[in-house]
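Everything on this sheet refers to the single structure shown next.
The values are calculated or read from the model by the stated rules, or taken from the named source; none is laboratory data. Here the structure is a predicted model, which means the values were calculated and not measured. Using ideal geometry, Cβ is built from the backbone for each residue, glycine included, and neighbour counts are taken over all protein chains shown. The accessibility values were calculated without ligands, DNA or RNA, using every heavy atom of the protein model including side chains. Shrake-Rupley method; radii C 1.70, N 1.55, O 1.52, S 1.80 Å.
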Amino acid sequence: AKKLGRNAFQFYAPAMNEAAQERMRIESALRNALEREEFVLHYQPQLDLKSGQIVGMEALLRWQHPELGTVAPSRFIALAEETGLIVPIGAWAMRTACAQNRAWQDAGLGPLRIAVNLSARQFGEADLVSAIAAVLADTGLAPSCLELELTESLFMNDINLAVSQLHAMKALGVQLSIDDFGTGYSSFSYLRRFPIDVLKIDRTFVNDIANDADDAAIVASIITLAHNLKLRVIAEGVETEAQLDYLRRHGCDEMQGYYFSRPLPPDQFEQMLRQGLRL
Ligand code: C2E
Ligand code: CA
Ligand code: CA
Ligand code: CA
């Protein structure tokens with residue numbers, strides 16, 4: 001085993017201090033970022049495996065900080081959740097994504113589905129459902145063109161509140177999807193209780209399907225489970241032809257991943273739509 005001597009503390013203390021300082025810097029910058037319009041959304045296509053066509057896209061947040069450059073969500077989402085800033089940031093993302101989808105539809109590129117990530121924190125807000133309804137009304141986007149991605153962490157809070165919020169969302173006509181499926185806990189109980197339309201297979205399972213018999217079996221089982229429950233299933237993080245082949249052979253409905261495209265800024269995504277690129 002590794003022995004930590006006296007020097008370990010001296011070694012780690014400055015590093016922790018630096019991390020704490022970066023955290024504070026990011027937190028105060030986050031507070032101003034919305035006003036300064038430093039957030040943008042990138043869009044990653046989702047493709048139907050039968051037709052090979054783009055049927056939707058996931059909106060992914062990017063922060064263009066004047067000094068730090070483009071900050072990835074892994075560096076600020078957790079902090080935004082802790083501080084509650086994810087609530088206004090998430091509301092901005094939902095509105096922007098829906099408006100963008102509607103604009104592409106009006107330009108004759110579509111209809112497509114737009115998937116937006118919802119933080120568990122947003123579920124604590126009593127007016128979440130009416131806020132979604134307002135965005136749909138204001139942008140004129142058909143509710144069926146909006147898909148909300150939820151993670152299993154949502155179900156660890158107030159489960160009854162979550163259930164009633166989800167039913168209210170379904171009543172609006174939007175689609176609900178479970179993100180990172182298989183990485184959380186209690187997957188089976190909420191599949192029974194919640195009005196869900198889509199499972200997204202986490203990319204940690206997809207990663208190894210061509211080489212690892214266990215991962216391959218898990219992915220095949222999730223696809224079967226989803227179809228038996230009449231759910232659509234999307235594989236995320238697809239990077240290779242071998243992974244794609246496996247998913248096709250096992251009847252997965254849709255895929256998303258670098259194999260086809262990384263998340264793109266709006267102008268590049270639009271170009272891809274205009275070119276009619278397909279799998
Ligand atoms: P996620 O929702 O699971 O999003 C998928 C992540 O996988 C994205 O990372 C995407 O760029 C990445 N990805 C897509 N295809 C591939 C692939 O083939 N290989 C690999 N290695 N990665 C791939 P990204 O954009 O850095 O986002 C990270 C996470 O940040 C998201 O994970 C989501 O949890 C969170 N996030 C992003 N935007 C939002 C947002 O608007 N609201 C909330 N609440 N969370 C967001
Ligand atoms: Ca997601
Ligand atoms: Ca995911
Ligand atoms: Ca494995």
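Things worth noting here:
- Amide H contacts under 5 Å for Val55, placed H, 5+ residues apart: Gln46, Leu47, Asp48
- Net length gained if the chain between Asn32 and Asp106 were fully extended (0.36 nm per residue, minus Cα distance): 23.4 nm
- Using θ = phi - 60° and Karplus 6.51 cos²θ - 1.76 cosθ + 1.60, couplings along region 121-127 (whole Hz; Gly, Pro as x): 4, 5, 5, x, 7, 5, 9
- Antiparallel content of DSSP bridges confined to region 8-132, in %, to 5: 75
- Loop trypsin sites (Lys or Arg not before Pro), region 105-173, which have at most 11 other Cβ atoms in a 10 Å radius of their Cβ (DSSP): none
- Contact order normalised by residue count of region 212-279, Cα under 8 Å, 6+ apart, percent: 28
- For Ser221, solvent-accessible area (1.4 Å; no DNA, RNA or ligand), Å²: 70
- Range in the chain, longest, excluding exposed GluC sites (Glu not before Pro) [loop by DSSP; at most 13 other beta-carbon atoms within 10 Å]: 68-279
- Taking amide hydrogens as placed 1.01 Å from N in the peptide plane, the amide H of Leu264 sits under 5 Å from those of Tyr43, Gln44, each at least 5 positions away in sequence or on another chain.
- Over the chain, the hull volume per residue, using the convex hull of the C-alpha atoms, is 163 Å³.
- Value of [θ]222 nm, deg cm²/dmol, for the chain, DSSP H segments ≥ 4, -39500 (n - 2.57) each, nearest 500: -15000 deg cm²/dmol
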